[in-house]
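Step one of this worksheet: look at the structure below.
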Amino acid sequence: RGDDRYLLAWAVVDNDLTVRDVREAASAVNDGRNLAGVLEELGVTPGELTVTLPSVVYRDLRRHATVSDRDPDDVVSDALRDYL
């Protein structure tokens, strides 16, 4: 349903889930379970993504996060939210 389909699809791509994993997750969600909980059981954290940055961008991100007393994840999340 809705956004859960996208979350499951990206979880497959980002975490190399097997067909068995996908069928198990889809079946559990169809039985009324929460997708986030199902994915957690499969060792997947929805929204977790590894990003490789050019060293200059990484340096600037770390500097900005430190100066603003924020976690780099939050800085990146806010920047992407504004961009998208």
Pop out the ³J(HN,Hα) list for region 50-62 in order, Karplus 6.51 cos²θ - 1.76 cosθ + 1.60 with θ = phi - 60°, rounded to Hz; leave Gly and Pro as x.
8, 10, 9, 10, x, 4, 5, 5, 4, 4, 5, 4, 4
Kindly give the semi-axes, whole Å and largest first, of the ellipsoid equivalent to the chain, taking each as the square root of 5 times a Cα gyration tensor eigenvalue.
32, 13, 11
Quote the charge dipole size of the chain about the Cα centre in Debye, to the nearest 20; the model charges only the Cβ of Lys and Arg (+1) and of Asp and Glu (-1).
180 debye
Solvent-accessible area per residue for the chain at a 1.4 Å probe radius, Å²?
82 Å²
Accessible area of Asp74 in the full protein assembly, 1.4 Å probe (Å², nearest 10)
80 Å²
³J(HN,Hα) across region 72-78 via Karplus (A = 6.51, B = -1.76, C = 1.60, θ = phi - 60°), whole Hz, x for Gly/Pro?
x, 4, 5, 5, 5, 4, 5
Region 13-23 - phi-based ³J(HN,Hα) in whole Hz, Karplus 6.51/-1.76/1.60, Gly and Pro as x:
5, 6, 10, 6, 5, 7, 4, 4, 4, 5, 4
Over the chain, the sum of -39500 (n - 2.57) across DSSP H runs of at least four, divided by residue number and rounded to 500 deg cm²/dmol, gives at 222 nm -21000 deg cm²/dmol
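The values are calculated or read from the model by the stated rules, or taken from the named source; none is laboratory data. Because the structure is predicted, anything quoted here is derived from the model rather than measured. So basically every Cβ, Gly included, is an ideal-geometry build from the backbone, and we count neighbours across all protein chains shown. These area figures cover heavy atoms from the full protein model, side chains too; ligands, DNA and RNA do not enter into them. Shrake-Rupley method; radii C 1.70, N 1.55, O 1.52, S 1.80 Å.
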